[in-house]
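As structure tokens, the structure follows; a few thoughts come after it.
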Amino acid sequence: MKKILFLIALTMLAVSCDTEVSEAELGDKTSVKIEPIYTGKTPINSSDSVFQAGDVVKGDVINAKFKITNTGKIPLIIAGIKAGCGCTETSKLPENPIAPGDYYVIEGKVKTAELSTKKINKYIKIEANTSPYPLMLRIQGEMK
């Protein structure tokens, strides 16, 4: 009888552990929350994947930051961070996967001295194990 109870308890423990995924397998997707980080007041028309730089003077550098939080159950693996053009620099890839509940800050710097248009609309493409894929971050502003 003790052996049967022990086997039932062991089986229940093994089954309960299967519901938690600790490693990403090929094809697995996770979910993320994107939040622009502002050093001052958050703009009224703020949205998740858009950093609103507001009015900028030609020659200024826009320093945009985005907090990417892993809201899924498997590690977030960022394989690529690519700027949409040469006037935008991005942060380096994280050295390790981002665990569920943790976050990574992605920075984008737009050099306005190299721009010829007044409307600023720059993209940063994030290649990661997310759905939707890829993640697209935008930096917007207007040159005065």
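Just so it is clear, none of the values below were taken in a lab; they were calculated from the coordinates. Remember, predicted model here, so these are calculated numbers, not experimental data. Neighbour counts run over all protein chains shown; Cβ positions are idealised from the backbone, glycine included.
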(request) Filter the range 104-115 for residues that are among the hydroxyl-bearing types (Ser, Thr, Tyr) and over 17 Å from ASP48 (Cα atoms) and give the result. (result) THR112
(request) Pull up the range 116-138, narrow it to residues that are among the polar types (S, T, N, Q) and without any contact (Cβ under 8 Å) to a residue 24 or more places away in the chain, then point me to the one that is nearest to ALA53 (Cα to Cα). (result) ASN121
(message) If a residue must be surrounded by 14 or more Cβ atoms within 10 Å (Cβ to Cβ) and farther than 25 Å from GLY72 by Cα, how many such residues does the range 102-141 contain?
(response) 10
(message) Which pairs turn up if I take residues in the range 88-115 that are free of Cβ contacts under 8 Å to residues at least 12 places away in the same chain and look for partners that are buried (at least 17 other Cβ atoms within 10 Å of the Cβ) and part of a strand (DSSP E or B) with beta carbon separation below 8 Å, at least 6 apart in sequence or on another chain?
(response) LYS92/ILE81
